[in-house]
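As structure tokens, the structure follows; a few thoughts come after it.
The values are calculated or read from the model by the stated rules, or taken from the named source; none is laboratory data. All of these numbers come straight from a predicted model, not from anything done at the bench. Every residue, glycine as well, gets a Cβ built from its backbone with ideal geometry; the counts of neighbours run over all protein chains shown.
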Amino acid sequence: MNPHPLSAPAPLHAAVPGEVRDDYFGDAPLPAAFLAAIVASSDDAIVTKNLEGIILSWNRAAERIFGYRAEEVLGKPINVIIPPELFEEERQILARLRRGERVEHFETTRLHKDGARLTISLSVSPVRDATGTIVAAAKIARDVTEQKLAERLRAHWAAIVESTDDAVMSKSLSGVIQSWNPGATQLFGYRAEEVLGRPVEMLIPADLQPQERLIRERIQNGERLEHFDTVRIAKDGKRLNVSLTVSPLRDANGTVIGASTIARDVTQRKLQEEALREAQRALLEADTRKDRFLAYLSHELRNPLAPLGYALEMLKSRPESAEWHARAVDIIGRQVRQLSALLDEMRDLATVKQGLIRLERQRCQLQELLHAALEAVKPKIEEKHHALACVLPQENIEVDADPVRMVQVFSNLLRNASKYTPAGGRIEIEVRTRAREVTVVVRDNGIGIAPEALPRIFQLFGQAPEAMSRAEGGLGIGLALVQALVQLHEGSVEAYSAGPGLGAEFTVRLPRPL
């Protein structure tokens, strides 16, 4: 009679009575106590089961990994730790064992006592009796849940690194590039094989090399740099605005051995920030110009009050004097005309800006428009004894224009020249023609325009303060009206000055009718 009913060695926790047969472990028998010590001290779960799947032994590592004490599982089916959907897998393993096959490093899922699912690596071997008959199975189970989780995390992060648009790279403490993702290729233009093993300084402008040394020192001290804005150089030599996050890389002992760098192209963000700053500056400047304009408007509106008050007193004090009456009427008329011109200019500009103006365009003789403009400003030119020179073509030049508005353009430019040219100065009008374009230049030798004021000379409220302070009245909105009217005629107007005290030149270009 077989002394071992289950025909298997009795391990650390025997399922049935019996002695451990040393000869079950090969041609060189080992003491049972020695084998028991190995099983007891193993970090892997070592379990034996018979060919029907009944658990025969259960070591301490099995208790730790699966949560069951030995007395809870001995004599029970191994299915207690197998998910129901994997019962068939267990039947196949037992079938292989009966055929004498060994199952090695088979990854599968098992259940913890609390229901948690564990990823397990199994090695299962058939156990034979003295006659060589397979009577049981020895199973070594290693919990690789954390290992697999780490592998999945590594794969997950690797996928992120490979797919991100950010440049992700690593370097040694000496600055040698060790890894390079597709985002880095996209950002810098270098393929991985072009940079691996080369110093990271190849990406850094010469003037920022000391910055890299400081970053490396901080990394060696275990510090992390986040969102550090700097400049790097692409393969084509282009300077890139980047935001860097640099972290120390450590080995298993925690020693810093290198650095990982994430570089994000922030060129667009920098452009947007600069555009925002420029918009803020423009708003501040516009607000300043508006305040200045309102101050000058108040001044301009108050200016006529004193002469009007004086004229009123003249009429009151000597109502019977024809001479005083005539002088008062002349003063009142002059001031009313000045106020009317001011209000007309403001109204016209508002109408143009709102798109409400309608041009009455027709074929016009350019010379006639210029003569009409000169007549409008002639009193002012004569009053200041300005020398006037006109360079006009002999042939008639036609333009497609609203004659009233175009006379307004040229008279405003001439009035502007007279206003900012001291008495006895010179004003010139020059007309040049090309096949498809006619150019009218109004030039003076007056106070000129500072270079920084030229870009805003046609802006509403954009007149230079020194020009307004030296002007003979006016609000500086005439040039804004000139530009708006010229643009309505599909033309352009430009200003030029060599600087303060060197005069100014305004050039109007209009298309010639076909």
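Residue-wise test of (1) more than 23 Å from Ile477 (Cβ to Cβ); (2) surrounded by 15 or more Cβ atoms within 10 Å (Cβ to Cβ); (3) more than 48 Å from the chain's Cα centre (by Cα).
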| site | (1), (2), (3) |
| --- | --- |
| Val431 | yes, yes, yes |
| Arg434 | yes, no, no |
| Val442 | no, yes, no |
| Gly446 | no, yes, no |
| Ile449 | no, yes, no |
| Ala453 | no, yes, no |
| Arg456 | no, yes, no |
Tell me which residues, restricted to the range 353-405, are touching a Ser or Thr at 6+ places or on another chain (Cβ under 8 Å), more than 20 Å from Thr433 (Cβ to Cβ) and of a type in the set (A, V, I, L, M, F, W, C).
-> Ile357, Ala376, Val377, Ile381
Note: among Leu366, Leu315, Leu349, just one is farther than 20 Å from Ala480 by Cα and modelled with pLDDT under 90, namely Leu315
Kindly indicate the residue of the range 55-88 that is aliphatic (A, V, I, L, M) and under 56 Å from the mean Cα position of the chain (by Cα) and also nearest to Ala138 (Cα to Cα) among those meeting that condition.
-> Ala62
When residues of the range 346-398 are limited to those that are assigned to a strand (DSSP E or B) and over 20 Å from Gly425 (Cα atoms), the one farthest from the chain's Cα centre (by Cα) | Gln365
By residue number, the members of the range 411-462 that are among the charged types (D, E, K, R) and either modelled with pLDDT of 95 or more or out of contact with any helix residue (DSSP H, G or I) (no Cβ under 7 Å at 6 or more places or on another chain) (or both) are Lys419, Arg426, Glu428, Glu430, Arg432, Arg434, Arg436, Glu437, Arg443, Asp444, Glu452, Arg456
Qualifying positions in the range 219-240 - surrounded by 15 or more Cβ atoms within 10 Å (Cβ to Cβ) and more than 26 Å from the chain's Cα centre (by Cα) = Ile219
Restricting attention to the range 358-373, does a residue exist that is under 25 Å from Ile477 (Cα atoms), of a type in the set (Asp, Glu), touching a residue at least 40 places away in the same chain (Cβ under 8 Å) and crowded, with 19+ Cβ neighbours inside 10 Å?
-> no
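Just checking, how many residues over the range 225-252 are in a loop (DSSP other than H, G, I, E, B) and either of a type in the set (Val, Ile, Thr) or at pLDDT 90 or above (or both)?
5
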Condition met for Arg334 (assigned to a helix (DSSP H, G or I), out of contact with any Gly (no Cβ under 8 Å at 6 or more places or on another chain), in contact (Cβ under 8 Å) with a residue 24 or more places away in the chain and farther than 24 Å from Ile397 by Cα) | yes
Can you spot a residue in the range 202-224 that is on the phi > 0 side of the Ramachandran plot, assigned to a loop (DSSP other than H, G, I, E, B), in contact (Cβ under 8 Å) with a residue 40 or more places away in the chain and assigned by TED's automatic domain parsing to the domain that holds Val176?
-> no
If you check Ile81 against the conditions, is it surrounded by 19 or more Cβ atoms within 10 Å (Cβ to Cβ) and either touching a Cys at 6+ places or on another chain (Cβ under 8 Å) or closer than 13 Å to His112 by Cβ (or both)?
-> yes
